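Visitor: Provided herewith is a single structure, encoded as structure tokens, for subsequent inquiry.
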Amino acid sequence: MRRSFALIIGLLVTSFAHGEAAKQQIYQGEGVVQFVNAKEEILVVEHGQIEGFADAMTMSYQVRSLDLLKGLKQGHRIKFKVDGATEEIIEISRVERMAQTDQPRQEKSEAAKPAVQPDDPRVTRAALATEVIDREPAETFSPISAEIGRLYYFTEVAEAGPPREILHVWTWQDRNVSEISLKVQGRRYRTWSYKTVPPTWTGEWRVEARTPEGAVLSSKSFRVEATQ
């Protein structure tokens, strides 16, 4: 009995130690700067897969120190380190020259986007929500306050056939601030993404469901109002 009890305690301690080690892990990524928000100490980066931490995507990150953003502009290629516990960028280094443009990346015009093809999946239902409960979207407040925190984009996809991929692309003021890849694994499938809205990012927003080729399957435009 004592031996069994000691074994259980040992397993619990080991599990706790592993969990704590994971939280303390530092992850390394590489990508291209899409947007710098010095006021909120936020950096939007389009990066490749960060093993053990994140898939390839465009994502906004809090930086630990404002000094990390000094000299950074849209188009800079960087290497960076992320604290697994806080999900903050704690170190940044430039790896090559800036891309040709020094302007914030603008979304392509609707005319430039490819058309939906007959064999593309079809979005039968789409909704903005404050949360998703039991695979269904909860109600969204209107108007949307800058204190909303997270917003979810829920999509129900039909006629997807074999496992497919769709993208949820979030844009603010015509800047691509988050691009999330989602797997669709059935002929009818519900999936969603979320975006944390910084309190100062007021104004016009849009979120789209797209094919990997860029065809728009569904779209929702909304406005985030400053807190009174």
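The values are calculated or read from the model by the stated rules, or taken from the named source; none is laboratory data. Quick caveat, the model's predicted, so the values are computed rather than measured. Note: ideal-geometry Cβ built from the backbone for every residue, glycine included; neighbour counts use all protein chains shown.
Visitor: Suppose we filter the stretch 1-51 for residues that are touching a strand residue (DSSP E or B) at 6+ places or on another chain (Cβ under 9 Å) and at pLDDT below 50; how many remain?
Guide: 0
Visitor: Quick one: in the stretch 120-156, which of the residues that are within 17 Å of the chain's Cα centre (by Cα) and not hydrophobic (A, V, I, L, M, F, W, C) is farthest from V216 (Cα to Cα)?
Guide: G149
Visitor: Can I ask one more? Could you grab me the full set of residues in the stretch 178-188 that are modelled with pLDDT under 90 and not polar (S, T, N, Q)?
Guide: Once the filter is applied, which keeps residues that are modelled with pLDDT under 90 and not polar (S, T, N, Q), the stretch 178-188 yields K183, V184, G186, R187, R188.
Visitor: Need pairs with beta-carbon distance below 8 Å; first residue under 11 Å from I92 (Cα atoms) and within the stretch 49-72, second part of a loop (DSSP other than H, G, I, E, B); sequence gap 6+ or separate chains.
Guide: Matching pairs, first to second residue: V63/E41; V63/E88; R64/T86; R64/E88; S65/E41; L69/A38; L69/E41.
Visitor: Further question: For the stretch 200-219, how many residues meet the condition of being in a strand (DSSP E or B) and surrounded by 18 or more Cβ atoms within 10 Å (Cβ to Cβ)?
Guide: Of the residues in that region, 7 qualify.
Visitor: If you check F141, F154, which single one turns out to be of a type in the set (A, V, I, L, M, F, W, C), modelled with pLDDT under 90 and not assigned by TED's automatic domain parsing to the domain that holds Q49?
Guide: F141
Visitor: Do you know which residues across the stretch 52-72 are modelled with pLDDT of 85 or more, in a loop (DSSP other than H, G, I, E, B) and touching an Asp or Glu at 6+ places or on another chain (Cβ under 9 Å)?
Guide: F53, R64, S65
Visitor: In the stretch 155-181, which residues are in contact with a Phe, Trp or Tyr (Cβ under 9 Å, 6 or more places away or on another chain) and over 27 Å from G31 (Cβ atoms)?
Guide: Passing the criteria: E156, V157, A158, A160.
Visitor: I'm told S181 meets every condition in (1) part of a strand (DSSP E or B); (2) surrounded by fewer than 18 Cβ atoms within 10 Å (Cβ to Cβ); (3) free of Cβ contacts under 8 Å to residues at least 60 places away in the same chain except one. Can you identify the failing condition by its number?
Guide: Condition (3) is where S181 drops out.
Visitor: Residues to consider are R150, R135, R175, R210; find the one that is basic (K, R) and over 23 Å from V33 (Cα atoms).
Guide: Selected residue: R135, the only one of R150, R135, R175, R210 that is basic (K, R) and over 23 Å from V33 (Cα atoms).
Visitor: Is it the case that I90 is at pLDDT 90 or above and more than 25 Å from T191 (Cβ to Cβ)?
Guide: Yes.
Visitor: Which residue, of I144, I166, is in contact with a strand residue (DSSP E or B) (Cβ under 6 Å, 6 or more places away or on another chain), among the hydrophobic types (A, V, I, L, M, F, W, C) and closer than 22 Å to Q117 by Cβ?
Guide: When all the criteria are applied, what remains is I166.
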